[in-house]
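S.K.: Can you keep this structure in mind? I'll have questions shortly.
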Amino acid sequence: MGKLMRYLGVLIILLGVLILLLHFLGVFSSNSALLVAGIIMILGLVGHVLINKYYVEE
């Protein structure tokens, strides 16, 4: 579980990239998908930095 915790932020960023890909392919046609993807990617980046700074494996 500890190794997954280290990469949680990266997985959240990849979720944002997936939303951007779906917008590019035409599944989502509104700008709200871009906003949601941007927010998710920023949260993933901040989460990744904070998790790697403060998380201590047991």
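S.K.: Per DSSP H run of n ≥ 4, the term is -39500 (n - 2.57); total these for the chain, divide by its residue number, and report the mean residue ellipticity at 222 nm rounded to 500 deg cm²/dmol.
M.R.: After summing the helix terms and dividing by residue count, I get -27000 deg cm²/dmol.
S.K.: Additional query: Provide the three semi-axes, in whole Å and in decreasing order, of the ellipsoid equivalent to the chain as defined by the square roots of 5 times the Cα gyration tensor eigenvalues. Walk me through the numbers before you get to the answer.
M.R.: Details: eigenvalues 155, 22, 5 Å².
Taking √(5λ) for each eigenvalue gives 28, 11, 5 Å, largest first.
S.K.: Where in region 17-45 is the amide nitrogen less than 11 Å from a point lying 7 Å along the Cα-to-Cβ axis of Val10?
M.R.: What the label zone holds, given the 11 Å backbone N cut-off, is no residue at all.
No lab work stands behind these numbers, since they all come straight from the coordinates. Keep in mind that this is a model prediction, so the values were computed, not measured. Using ideal geometry, Cβ is built from the backbone for each residue, glycine included, and neighbour counts are taken over all protein chains shown.
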